[in-house]
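Worksheet for the structure shown next.
The values are calculated or read from the model by the stated rules, or taken from the named source; none is laboratory data. Quantities reported herein were computed from a predicted structural model and do not represent experimental measurements. Positions of Cβ are backbone-derived with ideal geometry, glycine not excepted, and every protein chain shown enters the neighbour counts. SASA here: full protein model, heavy atoms, side chains in, ligands and nucleic acids out. Shrake-Rupley method; radii C 1.70, N 1.55, O 1.52, S 1.80 Å.
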Number of protein chains: 2
Amino acid sequence: MPPRDGRATLSTVARSAGVSVTTVSKVVNGRPDVGAGTRALVESLLAQHDYIGRRSPAAEGSPATARIEVVLEGDLNAYSTKIIQGVLDAGGEAGIGVAIGTQAGADASRPRGWARDLAAAGRRAVIAVVDEPPSTDRAALSRAHLPLVVIAPLNPQRERVTSVGSTNFAGGMAAAQHLLALGHRRIGYVGGSSRSARDQARMHGYRAALEAAGVPVPDDYQRTGDSRYQDGIAGGAAQLDLPERPTAVFAGSDETAAGVIEAARARGLRVPDDLSVVGFDDTEVARLTSPPLTTVRQPLREMGGVALRTALRLAAGEKLDSHHVELATELIVRGSTAARQVGGGADPATR
Amino acid sequence: MPPRDGRATLSTVARSAGVSVTTVSKVVNGRPDVGAGTRALVESLLAQHDYIGRRSPAAEGSPATARIEVVLEGDLNAYSTKIIQGVLDAGGEAGIGVAIGTQAGADASRPRGWARDLAAAGRRAVIAVVDEPPSTDRAALSRAHLPLVVIAPLNPQRERVTSVGSTNFAGGMAAAQHLLALGHRRIGYVGGSSRSARDQARMHGYRAALEAAGVPVPDDYQRTGDSRYQDGIAGGAAQLDLPERPTAVFAGSDETAAGVIEAARARGLRVPDDLSVVGFDDTEVARLTSPPLTTVRQPLREMGGVALRTALRLAAGEKLDSHHVELATELIVRGSTAARQVGGGADPATR
DNA sequence: CTGAAAGCGCTTACAG
DNA sequence: CTGAAAGCGCTTACAG
């Protein structure tokens, strides 16, 4: 009986190639004893027929078969690690295997048949921890009937892509309000790109809090660039070297905040005595800085879990209420913020 | 021809159960038309023989089929992340898919048939980032013909397990020699458990360097516990509160070092002016402390890559030259170490 | 409830 | 380099 689902068998392909099943089998298994022309012909027909071979009943049933593919941008870091932890946790609970994309190249250079291979290997959905999913990837996944969920994209609303994020605007507001409540009035911002709606929301939350409190926000107190350690050092340096330097800085990520702390230390300024610093994310970094970092927690693990469950729901053909969900951020107060010093902001050399 | 690798087939199980292949097939597929007693018998024999069914040539061919399972202990952290990055990189180069174990429970509580399920899902080998692979896991993997490679185990030589580590003794020596060269004579150690050969090697490397230089190593300068941030705070605090506190501390991990830096900061001591600190690992943490951390680099990415290639070699049935390989550590000098201050070690309040 | 028989998809030793 | 033939592991319609 031929496979009901219309999947190609060796004999389908052999017939259409006009060769024997034996020969097709050899090509599939990469045996050397096949003529070059024959091999090329058979290979093209295998691809045309989307041949994926006989399914293994064992693998079908196995909880170890990876159902979810996690796609990353660049290297793993403290941020993506927490998200992945959440995906793994939720996968473990659901009895679902999770594979991490081994990206030989960048997203731009996915191997041919990438999405089809994922489907053939048993994936049911893809979770991407990326700023912007390339449209080529989205098209390929859609052809392979693999739903995609993006975690914390730069511009969640712009694309018609299912995504999970957090309340960036509220987080930025909470950070600034915390600093205002500590008596700070000169509050700088060092954050991510202005092309990112995500980072814009954080910055505008900060601005909204300051404006509501009647506190001015000079242009040179707002610095946007990338969100890495080096950007924190550069942005922190620029602000701390101002004639009227801020007494507090809200950084758009924990890494950036670590850079700001280092910029302060390099200038002999103490955190939090001379400078309060608030980060964003609450990755492992926030626990390890000196002092430990006050930060706006993004529930990254939870976001990973929501992404996994959403992905499974899409794979099961369910409809979603909304294609974008945001989880609440929360201010975590640690040791990097303190009440504004009397006379704070003076040059430490004059003390 | 029966499978060479000794895997059970339906007929193996049928013979040992004294029933037909048909009946065994029905049990495997959960068909209802099998007597309860027969089903129970067959099921127990399937388990006994570790039956995993025939391999799917389909999934065989797909580069997306996860061939390697990475097993973790507890949550992902900066350390395991770098290793996994190395595994992913090497997997990408080899065109090999990598899955991360979704451990619902701890290692102790692997689900029944764990290793068998992995084999059925196409895994060829397992890489464990764990202190000690439980013998139950090792037995299960061996029955499922899945080779195991352990990365940086506590006691690499003790077990007959293939493992990849780094030159811990040499690393400890390099750290201490660096501090000695900077003029330090009161050099403390805050490191991992004394039950761990890995941590012992680091400590003895440190001791060897000090003894070779004729520098005494008082007992209360050597503190062992766990290797986390909190242990660094506690260990750092204990040493910094000594009547004659060290002017430099070698910490057994970057996290511990971050804790020592925090203990110093909490006491108003500046790093590196009042206290030099050397870490171990060179994870992302080392870049983000203030000041950036001088540390002994373990080539964690490379170790992940070597583990992957070793695992594939074992899966292909190759013999290894050695069941344990160590990659070289290397001292990375950053900002947390400096020449001993003239008068260094005095209470800062008296300056 | 059980299993002999037929048949599928695939692989391989071997003849040409 | 190619494929007919034998055979493996598995499934299923069917006889008892």
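First compute the accessible area of the stretch B:155-285 with a 1.4 Å probe, then give the percent of it belonging to carbon and sulfur atoms. Walk me through the numbers before you get to the answer.
Working: 2270 of 4690 Å².
Ligands and nucleic acids excluded, carbon and sulfur give 49 percent.
For B:GLY95, the distances from its label point to the matching points in the remaining copies are 3.5 nm, ordered from shortest, with each point set 7 Å beyond Cα toward Cβ. For a quick check, take a GNM of chain A with Cα springs below 10 Å and name the residue from A:ALA311, A:ALA213, A:ALA125 with the largest mean-square fluctuation. Checking each option, the largest mean-square fluctuation is seen for A:ALA213. In degrees between 0 and 90, to the nearest 10, how far off the longest principal axis of chain A does helix A:197-212 point, with axes built from Cα atoms? Once rounded, one gets 20 degrees. Taking A:THR167, A:THR22, A:THR224 in turn, the Gaussian network model of chain A (Cα-Cα springs below 10 Å) assigns the largest fluctuation to A:THR22. Placing a label point 7 Å from Cα along the Cα-to-Cβ direction at B:PRO111 gives distances to the equivalent points in the other copies of 2.7 nm, listed shortest first.
So how tilted is helix A:300-315 from the main axis of chain A? Cα-based, degrees 0 to 90, rounded to 10. With rounding to tens, the tilt is 30 degrees.
Here the spin labels are modelled as points 7 Å beyond Cα on the Cα-Cβ line, and at B:ARG15 and A:GLU73 they lie 5.8 nm apart. When chain B is treated as a Gaussian network with alpha carbon springs shorter than 10 Å, the biggest mean-square fluctuation among B:THR310, B:THR294, B:THR38 belongs to B:THR38. Give the range of the longest stretch in chain B that excludes all GluC sites (Glu not before Pro) found in loop regions by DSSP and having at most 12 other beta-carbon atoms within 10 Å. Formally, the longest exposed-site-free interval is B:1-243. Computed from Cα atoms, the angle from the helix A:78-94 axis to the main principal axis of chain A rounds to 50 degrees. Of the beta bridges in the protein assembly as shown, as assigned by DSSP with both residues counted there, near 10 percent are antiparallel.
Charging the Cβ of each Asp and Glu at -1 and of each Lys and Arg at +1, and nothing else, the dipole of the protein assembly as shown about its Cα centre rounds to 2040 debye. Each of B:VAL190, B:GLY232, B:THR162 was scored by the projection of its Cα onto the charge dipole of the stretch B:130-289, and the greatest displacement toward the positive side belongs to B:THR162; charges sit on the C-beta of Lys, Arg, Asp and Glu.
Shown for A:PRO134: label points 7 Å from Cα along the beta-carbon vector, and their distances to the equivalent points in the other copies, 4.2 nm in ascending order. Can you list the residues, at least 5 places off or on another chain, whose amide H is less than 5 Å from the amide H of A:ALA125, using H built in the peptide plane? Under 5 Å from the amide H of A:ALA125 lie the amide H atoms of A:GLU69, each far enough along the sequence or on another chain.
Compared with the rule-of-thumb size 2.2 N^0.38 Å for a compact globular protein, chain B has a Cα radius of gyration ratio of 1.25.
Dividing the radius of gyration of the alpha carbons in the protein assembly as shown by their Kirkwood radius gives 1.03 for Rg/Rh.
Check the straight Cα-Cα distances from B:LYS82 and name the lysines below 25 Å, setting aside those fewer than 8 residues away within the same chain. Those lysines meeting the cut-off are A:LYS82.
Cross-link partners among aspartates and glutamates for B:LYS319, C-alpha distance below 17 Å, same-chain residues fewer than 8 apart left out? Cα-Cα hits under 17 Å: B:ASP5.
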